[in-house]
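The values are calculated or read from the model by the stated rules, or taken from the named source; none is laboratory data. These numbers come from a predicted model, not from an experiment. Cβ sites come from the backbone with ideal geometry, for glycine too, and all protein chains shown count toward neighbours. Please note that ligands, DNA and RNA were not included when accessible areas were found on the heavy atoms of the full protein model with its side chains. Shrake-Rupley method; radii C 1.70, N 1.55, O 1.52, S 1.80 Å.
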Amino acid sequence: MLETDYLIIGCGAVGMAFVDTLLSETDADITIIDRYAKPGGHWNVAYPFVTLHQPSQFYGVSSKELSNGIKDETGTNKGLYSLAKGTEIYAYYEDVMQNTFLTSGRVKYFPNCDYKGNGAFESLETGEKQLVKVNSKVVDTTILGTSVPATHTPNFSIEDGVQFIPLNDLPKITNQPEGYVVIGGGKTGIDACLWLLEKQVNPDAITWIVSRDAWLLDRKNAQPADEFFETSIGSIAAQMEAIPKAKSIPDLFDRLEDTGVLTRLDKNVRPKMFHGATVSQLELEELRKIKNVVRLGRVQQLKKDQIILKEGIIPTSKENIHIDCSATAISEHDSRPIFQEGLITPQTVRSYQPVFSASVIAYIEAHYKGDQAKNKLCQVVLLPNHDTDWIRMLSAQLGNQFTWSQDKKLRNWLTENRLNGFGSLVQNVDKTDELKMAILKRMRKASMPALMKLEQFISQMDAEEHSAIESPQFQVNQNVFIRNRLVETPKAELNIEQGEVLVKIEKFAYTANNITYAVAGDMIGYWQFFPPVGDTTDGWGVIPVWGFATVVESKTDEIPIGDRLFGYFPPAKHLKMKPVGCKANRFIDGSAHRSALPAGYNIYRRVYNEKQYNPKFDRERMLLFPLHLTSFCLWDALQDKDWHGAKQLVILSASSKTSTGLGYALQTDENAPAVIGVTSPRNLETVKNLNIYDHCLTYKEVTSIDSSIPTVIVDMSGNQQVLAALHVHLGDQMKFTSNVGLTHWANAKPKEGTISERSAFFFAPGHIQKRMKEWGPDTFDKKTAGFLMETAAKTKSWLIFKELNGLNQLAAIHPSVCAGILPPDEGLIINL
């Protein structure tokens, strides 16, 4: 029996890129099994005139350059960097195998073998069967297996006597036919048409069957060289700027075309497909010479005298040669976690770049622990098919880019990775080059608004696709909180046992505080309250909300059907609970998974049994009471520490409702220090008009604060860039920072200059438990109740409640909550 650390199934481009990085980043032994006689996968059977359609710099393995670094001086790729030919790629992979992999002494290679599963494989030449013991993981690279013309079986019938050939046989034609019929509108069909035109075939002799027109990428925008910075990185900046301006999905594609990000064959035909095919403008000029383009859907049948298509019939002839370009390069597949126990399934983690993706996956396998942590860094970017898949694809890619940017070690490695074409280009920009720095500034400034808009469009598409969901649960991506989805709760999970109840959630509030729950999800355990439902939950979580629910099923005598509850719920239609410690006005959810979580969040109020309950105050209770309770605790904690010796108090994110609650408390406290509220320029006037703070500033003005005065900071934002600047500015006069909120989650990574030894995260439930022990529950309730009613009454004078209906509307507005761009005088209530 053979033994290995990693068993690689498939020696194509993905397998080679994975092994190359794993080999350089670990000392693991690797065994490769492949059914082809030579490395390179589908390149073994590619058509003879095939080339890459993106620059060679993006392809191959990380350790060895494929590109010759030369720009083409002739042909339809003139002025752009060369595209490696199939023969070059074939030889390249053979060289990598012989002179990098096998010479390492750690790679065993078994070509012409068929993998049978469970470590068993069989030689296609001799029939010999072998078994491999795998110590670490199997790496199955076949999910991205490429379909090529030579091995493709058409999905239409062909009558005897029809001249029908795969694209591979096109150069073998020796007698000129009456005409050529190219079947397929994708990159293979484009290549066939360009080859024919290059061979001086009359465009009128070509019939091109295009079942779906596609949006195409301009190759000029994919040149990873400094001289093309303005078009390559500039096109990314233009793309990011165009997305937030789009008023609809069709308008988005119009804007992307206007900015040169996307292009198409015919300006009069609206594309319905996007596969990421890349062309040059000179190629488009050639293709547009073909006037006989047939757009009647897919071919159903080829007859000697006619072609039957889904939407019509066109004539043909036995004298015509029909060229099969209908193979889809990479078939659609359902995404699955890349890392599972004992198995790695490489998939794309960046658009259009499977080999770069494989290299990243190998690096993460080598340097990170735990499949869950690895999958967080490798969210699958599904391969596009329909035009709107471009939206989902870019959103997922931006999400990964953001996650990688938060990890310094990974970020540095990506910069040095050869396959990361634009990485070094951006990293090595001359900081004195004003034009390039301006492009980068535009790109970075527009990135978050672009991601927010993409998520709004995705929510819109999901609402149309999932309108029939009976019991939805709203989930967010644990890495990039702006991303969200609705998932059906399986009926089996709503079946209750003895001692349990099922509640229907009526309504809840949604604020920036909920985004703090997401940011602190792992640290505090917020993700654990309500586990996500669905088949693929890795990387997804449920943000808790404060709201009301009604008991609709009960198997306990203590809690009747119809009982109305206030407390901590998931943004979902239903929740199964296990009431324990039941009293007339409250109970605790005793579900096993919640037993180790903060007790205050497990208490549910039975509002019909509360003496002072008034449903007219439901909105204030949901929206303001949880926030202002934190305000009270902060005020009390600061008093308890005698303000940490400070003479001025700075509140970051002064427009947040927790901040205004604290502001009201400080305003009535004659012993409180002077209060400075800091907010965004957009919210400055609103905050000033509240007349809560002694002074109001914008984030850019924090260094104007008097640094000679002892200062305490209450940070609701979590913006580490602002916080570090303020800490550096105040120096020793920064007496203490209470880190409360994390609403500026995109800037939550600690920055140099932060004084961590005089900073602490403020956890309100911990303070509540402390005071309940010291004061007793009745005294605590009495003190807080009066405070909450008073601050709610003050807030109500300027607060506008905005009510939304259903989780689809929550999904649509969630990105705006994440981005912090909703008006500060607005409060969201979601009715279900």
The chain, relative contact order [Cα under 8 Å, separation at least 6], %: 10 percent
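Please work out the average accessible area per residue across the range 226-313, using the 1.4 Å probe convention, and give it in Å².
47 Å²
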Two-site label geometry, E198 and L2: point separation in nm, points 7 Å out along Cα→Cβ: 3.8 nm
Pairwise Cα inverse-distance average, inverted: Kirkwood Rh of the chain (Å): 30.2 Å
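How much of the accessible area of the range 683-832, in percent, comes from carbon and sulfur atoms when a 1.4 Å probe is used?
The nonpolar share, carbon plus sulfur, comes to 53 percent.
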Solvent-accessible surface (1.4 angstrom probe) belonging to T316, in square angstrom, nearest 10: 20 Å²
Packing-based ranking, highest mean first, of 485-492, 400-407, 811-818 given that Cβ atoms within 10 Å are counted: 811-818, 400-407, 485-492
Given K38/K303; K453/K700; K64/K116, the pairs whose alpha carbons are separated by over 28 Å: K38/K303; K64/K116
Cross-link partners of K688 among aspartates and glutamates (Cα-Cα below 17 Å; sequence separation of 8 or more within a chain): E701, D825, E826
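Tally Lys/Arg at +1 and Asp/Glu at -1 over every other residue whose Cβ is under 11 Å from the Cβ of Y664; what's the total? List each step's numbers first, then the result.
Working: positive: K657, K794; negative: D669, E790.
Charge balance near Y664 sits at 0.
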Rh by Kirkwood over Cα pairs, then Stokes-Einstein D for the range 286-417 at 1.306 mPa s and 10 °C, µm²/s: 87 µm²/s
Per residue value of the accessible surface for the range 57-164 (all protein chains in place, 1.4 Å probe), Å²: 52 Å²
DSSP beta bridges in the chain [antiparallel fraction, %, rounded to 5]: 50 percent
Computed Rg/Rh of the range 302-367, alpha carbon atoms with Kirkwood Rh: 1.32
Part-to-part distance (alpha-carbon centres) for the range 548-619 and the range 37-109, which is given in Å: 63 Å
Links that overshoot a 19 Å alpha carbon limit, given the list K491/K576; K376/K409; K573/K616: K573/K616
Candidate residues K108, K647, K303: accessible-area rank, largest first, probe 1.4 Å: K647, K108, K303
Chymotrypsin sites (Phe, Trp or Tyr not before Pro) within the range 619-671: DSSP coil, no more than 12 neighbouring Cβ in 10 Å: none
Proportion of all alpha-carbon pairs of the range 202-295 beyond 16 Å (%): 60 percent
Alpha carbon centroid spacing (whole Å) that separates the range 222-271 from the range 432-473: 15 Å
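Starting with the highest mean, order 504-513, 691-700 by the number of other Cβ atoms within 10 Å, averaged over the residues of each peptide.
Values: 504-513: 21.8, 691-700: 17.3.
So the peptides 504-513, 691-700, ranked by packing, come out 504-513, 691-700.
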Burial order of peptide ranges 344-355, 228-239, 606-617 (average beta-carbon count within 10 Å, highest first): 344-355, 228-239, 606-617
Reachable lysines, given that their alpha-carbon falls under 27 Å from the alpha-carbon of K310 and they are not under 8 places away in the same chain: K187, K267, K272, K289, K291, K318
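So what is the accessible area of the range 445-600 per residue, in Å², with the probe set to 1.4 Å?
On a per-residue basis, 39 Å².
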Portion, in percent, of the accessible area of the range 25-77 that falls on carbon or sulfur, probe 1.4 Å: 46 percent
The chain - mean residue ellipticity at 222 nm from DSSP helices (-39,500 (n - 2.57) per run, n ≥ 4, rounded to 500): -10000 deg cm²/dmol
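Can you give me the relative contact order of the range 266-377 as a percent, contacts being Cα pairs under 8 Å and 6 or more apart? Don't skip to the end; give the middle numbers.
Details: 72 pairs, mean separation 13.5, N = 112.
That works out to 12 percent.
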